[in-house]
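**Student:** Sharing a structure below in structure tokens format, with a few things to ask.
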Amino acid sequence: MATQSLPHGDSAGTIMGHPKGLFVLFFAEMWERFSYYGMRALLIFYLVQHWLFTDSEASIIYGAYTALVYIAPVVGGYLADRYLGQRKAVLFGAILLTFGHFFMAFEGDGGQQTAIINVFWLALALIIVGSGFLKANISVMVGQLYPRTDIRRDPAYTIFYMGINLGAAAGSLLCGYLGMHPDWGWSWGFGAAGIGMLLGLVVFIWGKPLLLGRGEPKDPAKLAGGREWVIYGAGLAMVALCWLAIQYQELVGWVLAIFGLALVAYVLFIAVARLHPHERDRIFAAMFLIFVSIVFWALFEQAGSSLNLFTDRHVDTGGVPAAMFQSINAIYIVLLAPVFAAVWTWLARRGWEPSTPMKFGLGVIQVGLGFLVLVWGSQSVGISVATPVLFIFLIYLLHTTGELCLSPVGLSAMNRLSPAHMASLIMGTWFFASATGNFAAGLIAAATGAEGVGEEAGKQVVLDVYSTVGWYAVAIGVGVMVISPLVKKLMHLDTLKDDEAVDHLPGETEAGLEPQEAGFNNPDLRRT
């Protein structure tokens, strides 16, 4: 179905000067993010306190889960692009997510010997695959509501990302409160996440007429003869595969290692053997940024695992459940993303804006400084004294500012640096690197596990790990900044042509909490 033959996005009416369909997508994604981040805020505690995994075991499970969540959208985006269309893919993903979140509420008696733990693994698998179908496609539909030259496109993405961040903050606060409150418990916290996802599904189904045919299959003939159900069956087969993978986390690690190395080798071979020297150099620059991003995400993603546990055990939270502090990042994004966008624009007009490699270096330095500030704050009051909660706000502040230096420009850099015929391959490598970073985050968090050594000794183990990774991050970030002029030179920005690259992805300045959303799989951005 060609987009040009569809009615104008405003045909169903407008709200605040934007198509009503935008707000259908806004509320559907807001409730989906409410459920996802609400569940994620509780997950590490659920693994440790209910299923009785050790800190190390729980951290690796958490890392494998988040890694698979990052890989799944590559498959979901491909199937939507080639066969289903975005709307059907989002609907299928939302149904899987609704079942997954509700299954999380079946807690049983706890412990790893009970059969009900298989329902828990199934819930995680449903959420992984559901996220893959939904996350890869719903932001694409935002762009489809507007002509490519419509000046409202960027403000539309700003509104959309506000829904993401509001949902993430509210989900962490409400689900975190209910799940960790002694009078309510896990089933209430995860049940609230399930209700949020159900509301998102209802809004999306109810609002279908307001989408005016956006996101429908490009070639409906490909779905004829029961082939659509074959694709849904393939989705369920992915659920079964993820159900197995999440229980054998080493398998996920080996898959990431083997396929990651093969992917990098293939990209470099293509760059060296087949590309013009300038295009080859840009691929080298992109691969450098991809490797730096792995370091960043490996440290940043401590938030949901080791930092969550540290907050619960060693921080004076004043009785506030630790899971609720997972909302801080989303709140900072809401407050700071417009500020960063304005600052970059102001600097660019004066020719002072840092280069992309320089921003990556700044991001890695800040994520390292966040850990060092927490270590300093904890040691300044004494190892036997609960760490003041101020330092949790400070580490999240530094991690968020680091994220806003690196994440929004990452996808844009991949798009600008890759030649047209390699755009999907480079974008896939970027997401594979994000998944690798998340899995590495689980391994780092596992190193903070110190069961059976006492509270003070356990706290010291965590601080020692944080101090080590913090200093390494600062050193790596400084190194990236030092060689950033060389990397910038490899980018050959002076010879990029307008028809070779899109300078900015829709919504990239608002990305942060959801870097994988900005422009992902967007057909409007494909170059010919």
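**Student:** Which is farthest toward the positive dipole end of the chain among SER11, GLY85, LEU174, measuring Cα position about the Cα centre, with Cβ charges +1 (Lys, Arg) and -1 (Asp, Glu)?
**Tutor:** Of the options given, the answer is SER11.
**Student:** A follow-up question, please. Quote the relative contact order of the chain in percent (integer), defining contacts as alpha-carbon pairs under 8 Å separated by 6+ residues. Could you put the intermediate results ahead of the total?
**Tutor:** Working: 907 pairs, mean separation 125.2, N = 528.
Reported relative contact order: 24 percent.
**Student:** Taking the Cα of ALA237, stepping 7 Å toward and past its beta carbon, and measuring to each backbone N in region 260-277: which are under 15 Å?
**Tutor:** none
**Student:** To the nearest µm²/s, what D does Stokes-Einstein give for region 256-408 at 4 °C and 1.567 mPa s, using the Kirkwood radius over alpha carbon pairs as Rh?
**Tutor:** Details: Rh = 17.8 Å.
Answer, rounded: 73 µm²/s.
**Student:** In nm, give the distance between the simple-model label positions of VAL255 and ALA273, each being 7 Å from the Cα along the Cα-to-Cβ direction.
**Tutor:** My value for the distance between the label points is 2.7 nm.
**Student:** Here's a follow-up. So what's region 115-180 giving for Rg/Rh, alpha carbon basis, Kirkwood Rh from the mean inverse pair distance?
**Tutor:** Numbers: Rg = 16.8 Å, Rh = 14.6 Å.
Across region 115-180, the Cα-based Rg/Rh ratio is 1.15.
**Student:** Measuring from a point 7 Å past the Cα of VAL343 along Cα-to-C-beta, which residues in region 366-400 have an amide N at less than 17 Å?
**Tutor:** The answer is 366-370, 394-400.
**Student:** Mind grabbing the base-10 log of I(q)/I(0) for region 209-328 at q = 0.14, 0.15, 0.23 Å⁻¹? Debye formula, identical points on the C-alpha positions, no solvent, two decimal places.
**Tutor:** Debye intensities relative to I(0), on a log10 scale: -1.06, -1.07, -1.16.
**Student:** On to the next question. With every atom except the alpha carbons ignored, what do you get for Rg and Dmax of region 47-146, in angstroms?
**Tutor:** Using the Cα atoms of region 47-146, the pair Rg, Dmax is 15.8, 53 Å.
**Student:** Can you tell me, using C-alpha contacts under 8 Å and at least 6 residues apart, the relative contact order of region 150-245 as a whole percent? Walk me through the intermediate numbers first.
**Tutor:** Numbers: 24 pairs, mean separation 11.3, N = 96.
Rounded, it is 12 percent for region 150-245.
**Student:** Stokes-Einstein D for region 242-290 at 10 °C, 1.306 mPa s, Kirkwood Rh over Cα pairs, in µm²/s?
**Tutor:** On the way: Rh = 12.4 Å.
Stokes-Einstein gives a translational diffusion coefficient of 128 µm²/s.
**Student:** Any idea what the relative contact order of region 262-352 is, in percent, if you count C-alpha pairs under 8 Å spaced at least 6 apart?
**Tutor:** Numbers: 20 pairs, mean separation 13.1, N = 91.
Reported relative contact order: 14 percent.
**Student:** Follow-up. What's the Kirkwood radius of region 331-445 in Å, using all Cα pairs?
**Tutor:** 16.3
**Student:** If I histogram all Cα-Cα distances within region 143-190 using bins 10 Å wide from 0, what percent of pairs lands in each bin?
**Tutor:** Binned Cα distances yield the sequence 25, 28, 20, 17, 10, 1.
**Student:** Could you grab the Rg to Rh ratio for region 93-203? Cα atoms only, Kirkwood for Rh.
**Tutor:** Numbers: Rg = 17.0 Å, Rh = 15.6 Å.
Answer for region 93-203: 1.09.
**Student:** Å³ per residue of the Cα convex hull, for region 171-250?
**Tutor:** On the way: hull volume 13.6 nm³, N = 80.
Value for region 171-250: 170 Å³ per residue.
**Student:** Would you list the P(r) distribution for region 1-77, with all Cα-Cα distances sorted into 5 Å bins from 0 and each bin expressed as a whole %?
**Tutor:** Histogram of Cα-Cα distances, whole percents per bin: 3, 12, 13, 15, 14, 11, 10, 7, 6, 6, 4, 0.
**Student:** To the nearest 20 debye, what charge dipole does region 1-127 have about its Cα centre, counting +1 at the Cβ of each Lys and Arg and -1 at the Cβ of each Asp and Glu? Write down the numbers at each step before the final one.
**Tutor:** Working: 6 positive and 8 negative charges, 93 e Å.
That gives region 1-127 a dipole magnitude of about 440 debye.
**Student:** Where does each of 454-460, 74-80 land if you order them by average Cβ count within 10 Å, highest first?
**Tutor:** Values: 454-460: 14.9, 74-80: 22.4.
Ranked from most to least packed, the peptides come out as 74-80, 454-460.
**Student:** Hey, which of these cross-link pairs are over 29 Å Cα-Cα: LYS135/LYS218; LYS135/LYS222; LYS135/LYS208; LYS359/LYS459? Display every interim value, and only then the final one.
**Tutor:** Working: LYS135/LYS218 19 Å; LYS135/LYS222 23 Å; LYS135/LYS208 18 Å; LYS359/LYS459 33 Å.
Flagged as over cut-off: LYS359/LYS459.
No lab work stands behind these numbers, since they all come straight from the coordinates. Since the model is a prediction, treat every value here as computed from it, not as a measurement. Using ideal geometry, Cβ is built from the backbone for each residue, glycine included, and neighbour counts are taken over all protein chains shown.
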